[in-house]
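Right, one structure below, let's go through it.
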Amino acid sequence: MTQKKISINADRLWTDLMALAAIGADANGGVTRIALSDADQDAHEFLMARMRDAGLRVDVDDAFNVIGTLPAKKPESGQKALIGSHLDTVPNGGKFDGALGVLCALECARTIRENNIELPWDLEVISFCDEEGGHHAGTVGSRAMTGALDPEEILRPGPDGRPSFAENLERAGGDPTRIHNAARPASDIAFFLEVHIEQGRNLESQRADIGVVTAIAGIQRTEVIVAGEAAHAGTTPMKLRKDALVAAAPLFTLLPKWASSRNSEMTATIGRLQLSPGAVNVVPGECRFTVELRSRNAGDMQALQNLLDRHAARQSNWRLQPLYRKDPVRLSTPLQDRVTLAALREGLAARNLPSGAGHDAASFAPHVPTGMIFVPCRGGVSHHPDEAIEQRHAAAGCQVLLRTLMILSGEGGRLDPA
Ligand SMILES: [Zn+2]
């Protein structure tokens, strides 16, 4: 079936992006919208108003995901097509991470409605709650929707003893005991598509407009607690010390070597380290740090975790506390093909690439056909006030999302779950 060429409104998309960036804006140009904070809720109010203006039916589910539905005139399968991303940010983050995907989805729904295009599915524009891990592990709303969220997880305290997701959900007017109601059967969902900034430099360096995402890296985090003996730094001779930092130190250089020798795409990071009691004149009695592993290959991630486990077992007084694990996922090959075709038809340069960062799409990929469309961001900078994209790339990502929906719709809307 051929379809007339329809175009998103690039200026309207950009105006929305700038208006949204003003919500939770920081003095230094960044944006702070921690999930379920007042700024995050204001952003959701903004989105819901825009959704209503666009003629979408607006719902908020029990995980505080905001859903704007454009109903199919003649639903053929009873399935829903899901598009979206998240509006929450890291502290002092950027204007586009997450926001671009939600507003591109909204702009597509608006364009489809304005052009009176009939789709074979209900189209749902979604902003997922707490993608960034403002409380614990992140991707809370999308995992709740796929039924993969452990209800115990939302009770864990946030970073630095801040309230849990459950406490903040309640404060925002939700009911944490009902979060399981957000789960939906995979058979109800035709596919999930997410537009996002790349958060890396591949597209920029290859002068490509569009990234067709092939896979999303898995993440495994462990807290390591090394016990020593706190002692006076002046009166305790070197040979009598049980210095927890010195005991831990060899791992700090071993870990990067293990990762690079395993696989060049793998990363291993010790990003947080605390010494107790933490005084200049006291031998550290405890050294506590996090180890984060990321890889697109579950086997490589497990192999590195095994090395860490064995290293810890050979030491005395080491304890490992698993924090969380998200498996790497491959994205749908049929959807990658459609996105590539859509970019080609729009005259845009597309490249295949994997994602090193986690996304809501990773929650869907094990259950339903899932695809991601990346657009370049300047210098690969993200999670930072300097995060920037070009207006033409925002428009390109949105237009490719629209064209992909048109291609899928023209095919009757059914996809093999490959
Ligand atoms: Zn994001």
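The values are calculated or read from the model by the stated rules, or taken from the named source; none is laboratory data. As the structure is a computational prediction, the values presented were derived from the model and not from experiment. Here the Cβ is made from the backbone with ideal geometry for all residues, glycine too, and neighbour counts use every protein chain on show.
Points worth noting:
- Of the numbered criteria (1) polar (S, T, N, Q); (2) surrounded by 24 or more Cβ atoms within 10 Å (Cβ to Cβ); (3) more than 13 Å from the ligand (Cβ to nearest atom), the one Asn116 fails is (2).
- Any hit, segment 84-91, residues being surrounded by fewer than 22 Cβ atoms within 10 Å (Cβ to Cβ) and either more than 13 Å from the ligand (Cβ to nearest atom) or under 26 Å from Arg392 (Cα atoms) (or both): yes
- The single residue among Gly101, Gly84 that is small (Gly, Ala, Ser) and either assigned to a strand (DSSP E or B) or free of Cβ contacts under 8 Å to residues at least 12 places away in the same chain (or both) turns out to be Gly84.
- Any hit, segment 125-140, residues being touching a His at 6+ places or on another chain (Cβ under 6 Å) and more than 16 Å from the ligand (Cβ to nearest atom): no
- Among the residues of segment 142-172, those that are on the phi > 0 side of the Ramachandran plot and in a helix (DSSP H, G or I) comprise Asp160, Gly161.
- Strands (runs of 3 or more DSSP E) (entirely within segment 312-410) containing at least 1 residues that are more than 25 Å from Arg201 (Cβ to Cβ): 318-326
- Of all residues assigned to segment 4-23, at least one qualifies as being buried (at least 18 other Cβ atoms within 10 Å of the Cβ), acidic (Asp, Glu) and modelled with pLDDT of 95 or more.
- Answer from Thr253, Thr214, Thr222 - the residue that is among the β-branched types (Val, Ile, Thr) and closer than 30 Å to Pro376 by Cβ: Thr214
- Considering Ala233, Ala298, the condition of being under 30 Å from Leu193 (Cβ atoms), exposed (fewer than 15 other Cβ atoms within 10 Å of the Cβ) and either assigned by TED's automatic domain parsing to the domain that holds Val368 or in contact (Cβ under 8 Å) with a residue 40 or more places away in the chain (or both) is satisfied by Ala298 alone.
- Residue match in segment 333-355 (condition: of a type in the set (Gly, Ala, Ser), within 16 Å of the ligand (Cβ to nearest atom) and either touching a residue at least 40 places away in the same chain (Cβ under 8 Å) or surrounded by fewer than 19 Cβ atoms within 10 Å (Cβ to Cβ) (or both)): yes
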